[in-house]
Amino acid sequence: MAPTLAFRLVAAVPLVFLVSLLAFGLVHLIPGSASETILGEGATPEAVAELDAELGLDRPLIEQYWNWASGAVRGDFGRSLVTSREVSDTLVERFPVTISVASGGLVVSLLIGVVGGTVAALRQGRLTDRLISLLTATGLAVPNFWVAVLLAFYFGVQRDWFPAIGYVGPTESLTQWIYHLILPSLALGLGSAAVIARQMRGGLLDVLDRPYVRAARAKGLRYRRVVIVHAMKNAFIPVITVVGFQASVMLGGAVLVEQIFGMPGIGVQVVGAVLAQDLPLVQGVVMVSAVAVILMNTLIDVSYAYFDPRVRLS
Amino acid sequence: MAVLRRVVTRPSGTIPLIWLAVVGFCALFPTVVATHDPNAADFASLLEGPSGAHYFGTDELGRDTFSRVVDAARPAALAGLQAVSISLILGLPIGLFVGYAGGWWDRIVMRVVDAIFSLPGLILAFAIVAILGPGLTNAMYSVGFLFSLRVIRLVRGMVLSVREEPFIEAARLSGAPTTTVLGRYLLPNMMGPLIVQTTISFAAVLIIEAALSFLGLGVQQPDATWGSMLRDARSFQRDNPWIPWPPGLAITLTVLAFNTLGDTLRDVLAAGPGGGSKAPRRGVALGLADGATTAARPAVDDTADPDPEALLSVRNLSVIVPTSTGPAPAVRGLDVDLRPGEIVGLVGESGSGKTVSALAVAGLLPRGVTIDPGSRIHFDGQQLVGLTEARMAQVRGTGIGMIFQDPTASLNPALTVGYQLAEPLRIHHGLSRAAATDRSVELLDRVGVANPRERLRDYPHQFSGGMAQRVMIAMALASEPSLIIADEPTTALDVTTQRQVLELLVELCDDLSMAMLFITHDLGVVAEICDRAVVMYAGQAVETGDVHELFATPDHPYSRALLASVPLLDDDEDRLVTIPGRVPGPGEQIVGCRFASRCEQAHDACAAGPVDLVTLAGGDRSSRCLLSAAAVEDGA
């Protein structure tokens, strides 16, 4: 499995390069230069030119890209135009929170999605199945930030079951970390749970009609074992693809949901940066999110090999 | 238009359309629907709950929530229209061009699209809003751009599949300019999927728009959008718990409506022209179904008892399958006996019911296919019909081994051969892991798989068809069965392998004194390995008897036709080319002999009433033919 992983990581490099071009290109789509943003309105052209030179903005584009990209590879995304704080400091401080929420959402969506989809498939056409299909349709339509607002209020404020606000790092207290993540993960995960449940139901129904499931039953295995051992693993293969898409959705959603629960993630920062056109921070967030998503998808590609041995050899 | 009518006649089309019409009306004429000025503060009634004066209550400035929700329909509709139009304006030409031009253009653009897709959509929208500045229109530009990528992918994919169609090629060869070909031939072909995609995009756009507004990156105060109302609601929930519900429900219901409408459109378009008119057909189907089941009730002697000396004794087996005209019997009153160690062939064309009979004996019928409760299947003295799934699993695991037609599809691709082989050994025989492995090696060795210990670690796709079938046979042997049911075990194999597998099966039956029910369409194989045979036609046994006698003097016209066609038997297709006509389906109502329509010797009496299976002069043979019945009476 290690060589596969290494190979996939190398294969992801061109994609990262392309994303870096896009992120870098952002700056140059903006009317005016970064220096104008820093100095504010009313800055003299001389002062702008001076700062341009200082920031290297008067150099050819290729050189600017090289400077930015070589810094980015080392984790140096420059300084915020607004606070002049190192962008990397902000990212290191705040991304783990966002990633925690996104991971929590993914766990919730997998748990609910896989169980819901499996139950629906095994009860195909019955009341339970129809109820689940109704729930998945609703789950796909409910905006996660509304769910977050409602959950925070009803379970965090009205009934003090879970914290409605705040975050505790896993190194500080593992149980508190999980405790604080429960409501945000639920709010974030329900929509993706619906997507996964639909895929799981379809995948399992497809697999249950395959000859090898009949052959497994022919061996005298109990139906429960046939479903869990022989059908689930195969039904999972299309689900994994969906999970890959959802990983990206989760990261975007976490930026939103974490703010509702007052968590010190990247969300508040990025919204502020967007409003202030603080591009180095926006670039940093875009790059780190892209790399996180690409890494996740690489892991998922590798996990195919576990579920589908035919992939392993090709 | 026909599509539209079919969408409207379904509740899953009507209800979303009604809701979207309501939202659309609010967007066009907000002042007609709204009861108050949506932006008028009223400090006398702050944060009130729902009442006659304020249907949905009031917010922190005393503004009427109902009127604000109604008023927010306009920005939502505008945002959706803007974003979706931009996505189409950008995506359609690019997708068409890239798909049609192909080559480097295609590769480069699609690579960039993939790169952008790897970013979380919301974060990308942030980046674009950062460039353009906040505001609803800018937010919608960014969302429109994002969704144009989906359109590019969809359109490109469709162009790629359509451009290979002969009529496009012909248009191109006839010298039509590229734009004509694209406009006249490609676009109409992709309207359907594009409409579905656009409908579903509307839903997604609404959610992103609401999210951006919620974050304060969309519409600026004081104008209401559903997203910004939710944002404001957060601070005042404690004083008025109602406050987040109306905007949240408005978003959810509208998104749900678009999604459901999209799904319905997809279903209707997939059904194709003329499809989808279910209601009248269902009525007809019920009428036919009643007739079919009553008419088909097999006229077999119900009093015939199972043979006590037989290992397997099947009496009056009827299997009901669903057909387009309702449930109908695919097997009609079959009787079969297998003594211990005996090999019996079940022969017939596709549609004769032979495989369904075999699956019924093993209790492995697909969902929706049922055994008529009047049937009896005695195995080892036990009645199998009506056993629970768990008891039936026990019987299969310890007494009956099954071998299927397609060995590579019958092995689980995700599990090693060793695991699949050891599984029944550990479950039914309680062997330890090590003992199960040793026994698996023995079994693989017994069926002729080379290097058995190493091959246990392999996956099914690493086995050839013949080797995979040997593994299946080993798996069937694992339960130490007294009966093997082999359903066309050699059909999927090449000719040389067929012979080896057949020889192996016969040898194993002899050595382990197992009985075998052998299902095949191949009379040659029956003659070679079976002791007795049952010839099936359209769900019924038409002739049974000792193989040598049956082959020497076939009695039933169908058996004779079948034998006559042996040399011309097409190996690739499970079909006999020399008997004109086709096997009647389970749902077809035939009062008389089911073979009569294809029989050269058919006469008027054949169609008059059901024909019974009669015992022939020899005593051990029977045939379902009026001619034979007459001959028996003459002889008696």
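The values are calculated or read from the model by the stated rules, or taken from the named source; none is laboratory data. Here the structure is a predicted model, which is why all the values come from computation and not from measurement. Because the Cβ atoms are built from the backbone with ideal geometry, glycine has one as well, and the counts that use them run over all protein chains shown.
If we scan region A:212-230, do we find a residue that is part of a helix (DSSP H, G or I), farther than 19 Å from residue A:256 by Cα and in contact with a Ser or Thr (Cβ under 7 Å, 6 or more places away or on another chain)? Break it down stepwise before answering.
In the first step, residues of region A:212-230 are kept if they are part of a helix (DSSP H, G or I); the result is A:212-218, A:223-230.
Checking the rest, the ones that are also farther than 19 Å from residue A:256 by Cα come to A:212-218, A:223-230.
When the remaining residues are screened for being in contact with a Ser or Thr (Cβ under 7 Å, 6 or more places away or on another chain), the result is A:212, A:215.
Yes, the conditions are met somewhere in region A:212-230.
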*Among the residues of region B:227-248, which ones are within 9 Å of another protein chain (Cβ to nearest Cβ) and within 24 Å of residue A:137 (Cβ to Cβ)?*
B:227, B:230, B:244, B:245, B:247, B:248
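For (1) free of Cβ contacts under 8 Å to residues at least 40 places away in the same chain; (2) in contact with a helix residue (DSSP H, G or I) (Cβ under 6 Å, 6 or more places away or on another chain), each residue gets a yes or a no:
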| residue | (1), (2) |
| --- | --- |
| B:110 | no, no |
| B:120 | yes, yes |
| B:123 | yes, yes |
| B:139 | no, yes |
| B:142 | yes, yes |
| B:149 | no, yes |
*asked:* Please verify whether residue B:423 is within 11 Å of chain A (Cβ to nearest Cβ), under 23 Å from residue A:212 (Cα atoms), in a helix (DSSP H, G or I) and out of contact with any Phe, Trp or Tyr (no Cβ under 8 Å at 6 or more places or on another chain), treating the condition exactly as stated.
replied: yes
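Among what's in region B:426-447 and is in a loop (DSSP other than H, G, I, E, B) and of a type in the set (Gly, Ala, Ser), pick the residue that is farthest from the other protein chains (Cβ to nearest Cβ). Quick ask: steps written out before the conclusion?
Going through region B:426-447, the residues in a loop (DSSP other than H, G, I, E, B) turn out to be B:429-432, B:447.
Applying the additional criterion that residues be of a type in the set (Gly, Ala, Ser) yields B:430, B:432.
Details: B:430: 13, B:432: 18 Å.
Here the residue is B:432.
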*asked:* Given the criteria buried (at least 19 other Cβ atoms within 10 Å of the Cβ), in a helix (DSSP H, G or I) and out of contact with any Gly (no Cβ under 7 Å at 6 or more places or on another chain), does residue B:13 qualify?
replied: yes
*In region A:209-236, how many residues are touching a residue at least 40 places away in the same chain (Cβ under 8 Å) and at the interface with chain B (Cβ under 8 Å from one of its Cβ atoms)?*
2
*Report yes if residue B:396 is more than 18 Å from residue A:220 (Cα to Cα), modelled with pLDDT of 90 or more and crowded, with 17+ Cβ neighbours inside 10 Å, otherwise no.*
no
_For a quick check of your reading of the model, give me the residue pairs whose first member lies in region B:1-16 and is of a type in the set (D, E, K, R), whose second is surrounded by fewer than 16 Cβ atoms within 10 Å (Cβ to Cβ), with beta-carbon atoms closer than 8 Å and at least 6 apart or on different chains._
B:6/B:271; B:6/B:277
*Going by the structure shown, is residue A:265 more than 30 Å from residue A:56 (Cα to Cα), touching a Lys or Arg at 6+ places or on another chain (Cβ under 7 Å) and buried (at least 24 other Cβ atoms within 10 Å of the Cβ)?*
yes
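Give, as residue ranges, the helices (runs of 4 or more DSSP H) completely inside region B:115-200 that count at least 1 residues that are modelled with pLDDT of 80 or more.
Details: elements: B:121-132, B:136-163, B:166-173.
Ranges flagged: B:121-132, B:136-163.
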*Taking residue B:450 as the residue in question, decide whether it is away from every other protein chain (no Cβ under 14 Å) and over 30 Å from residue B:533 (Cβ atoms).*
yes
_So, in region B:476-501, how many residues would count as being surrounded by 19 or more Cβ atoms within 10 Å (Cβ to Cβ) and in a helix (DSSP H, G or I)?_
5
*Of these, B:88, B:78, B:136, B:122, which one is under 36 Å from the mean Cα position of the chain (by Cα), under 20 Å from residue B:208 (Cα atoms) and either surrounded by fewer than 21 Cβ atoms within 10 Å (Cβ to Cβ) or away from chain A (no Cβ under 14 Å) (or both)?*
B:88
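Here's the yes/no breakdown for (1) crowded, with 23+ Cβ neighbours inside 10 Å; (2) not aromatic (Phe, Trp, Tyr):
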{"position": "B:99", "(1), (2)": "yes, yes"}
{"position": "B:110", "(1), (2)": "no, yes"}
{"position": "B:128", "(1), (2)": "no, yes"}
{"position": "B:132", "(1), (2)": "no, yes"}
{"position": "B:143", "(1), (2)": "yes, yes"}
{"position": "B:159", "(1), (2)": "yes, yes"}
{"position": "B:167", "(1), (2)": "no, no"}
_Answer from A:244, A:284 - the residue that is part of a helix (DSSP H, G or I), assigned by TED's automatic domain parsing to the domain that holds residue A:200 and within 19 Å of the chain's Cα centre (by Cα)_ = A:244
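Could you pull out the residue among A:81, A:57, A:39, A:18 that is in contact with a helix residue (DSSP H, G or I) (Cβ under 7 Å, 6 or more places away or on another chain) and touching a residue at least 60 places away in the same chain (Cβ under 8 Å)?
Values: A:57 fails: touching a residue at least 60 places away in the same chain (Cβ under 8 Å); A:39 fails: touching a residue at least 60 places away in the same chain (Cβ under 8 Å); A:18 fails: touching a residue at least 60 places away in the same chain (Cβ under 8 Å).
Testing whether each residue is in contact with a helix residue (DSSP H, G or I) (Cβ under 7 Å, 6 or more places away or on another chain) and touching a residue at least 60 places away in the same chain (Cβ under 8 Å) leaves just A:81.
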*Tell me which residues, restricted to region A:117-128, are without any contact (Cβ under 8 Å) to a residue 24 or more places away in the chain and either polar (S, T, N, Q) or over 22 Å from residue A:237 (Cβ atoms) (or both).*
A:123, A:125, A:126, A:127, A:128
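Results for (1) β-branched (Val, Ile, Thr); (2) under 23 Å from residue B:339 (Cα atoms); (3) touching a residue at least 24 places away in the same chain (Cβ under 8 Å), shown as yes or no for each residue.
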residue	(1), (2), (3)
B:366	no, no, no
B:369	yes, no, yes
B:377	yes, yes, yes
B:380	no, yes, yes
B:385	yes, yes, no
B:390	no, no, no
B:395	yes, yes, yes
B:400	yes, yes, yes
B:404	no, yes, yes
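Given the residues A:5, A:55, which is the only one that is modelled with pLDDT under 80, crowded, with 17+ Cβ neighbours inside 10 Å and away from every other protein chain (no Cβ under 12 Å)? Give the derivation first.
Working: A:5 fails: crowded, with 17+ Cβ neighbours inside 10 Å.
That would be A:55, the only listed residue that is modelled with pLDDT under 80, crowded, with 17+ Cβ neighbours inside 10 Å and away from every other protein chain (no Cβ under 12 Å).
Condition check ((1) within 14 Å of chain A (Cβ to nearest Cβ); (2) at positive phi; (3) under 49 Å from the mean Cα position of the chain (by Cα)) across all residues:
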| position | (1), (2), (3) |
| --- | --- |
| B:36 | no, no, no |
| B:39 | no, no, no |
| B:57 | no, yes, no |
| B:70 | no, no, yes |
| B:117 | yes, no, yes |
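Do the conditions hold for residue A:31, that is, is it over 22 Å from residue B:115 (Cα atoms) and at pLDDT below 80? Working first, answer last.
Details: over 22 Å from residue B:115 (Cα atoms): yes; at pLDDT below 80: yes.
It is true that residue A:31 is over 22 Å from residue B:115 (Cα atoms) and at pLDDT below 80.
Tell me the residue from A:257, A:293 that is in contact with a helix residue (DSSP H, G or I) (Cβ under 8 Å, 6 or more places away or on another chain), facing another protein chain (nearest Cβ under 7 Å) and under 26 Å from residue A:86 (Cα atoms), please.
Numbers: A:257 fails: facing another protein chain (nearest Cβ under 7 Å).
A:293 is the lone residue from the list that is in contact with a helix residue (DSSP H, G or I) (Cβ under 8 Å, 6 or more places away or on another chain), facing another protein chain (nearest Cβ under 7 Å) and under 26 Å from residue A:86 (Cα atoms).
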_Qualifying positions in region A:95-141 - outside any helix (DSSP H, G or I) and under 20 Å from residue A:249 (Cα atoms)_ = none
_Conditions (1) among the aliphatic types (A, V, I, L, M); (2) in a helix (DSSP H, G or I); (3) surrounded by fewer than 21 Cβ atoms within 10 Å (Cβ to Cβ): number failed by residue B:473_ = (3)
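Give the residue that is modelled with the highest pLDDT, with candidates limited to residues of region A:297-314 that are outside any loop (DSSP other than H, G, I, E, B) and at the interface with another protein chain (Cβ under 10 Å from one of its Cβ atoms). Talk me through it step by step, then tell me what you get.
To start, the set of residues in region A:297-314 that are outside any loop (DSSP other than H, G, I, E, B) comprises A:297-307, A:309-313.
Within this subset, residues satisfying the condition of being at the interface with another protein chain (Cβ under 10 Å from one of its Cβ atoms) are A:297, A:306-307, A:309-310, A:312-313.
Values: A:297: 85, A:306: 78, A:307: 81, A:309: 80, A:310: 76, A:312: 65, A:313: 52.
This residue is A:297.
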*Quick check, is residue A:153 more than 16 Å from residue A:110 (Cβ to Cβ), within 11 Å of chain B (Cβ to nearest Cβ) and under 23 Å from the mean Cα position of the chain (by Cα)?*
no
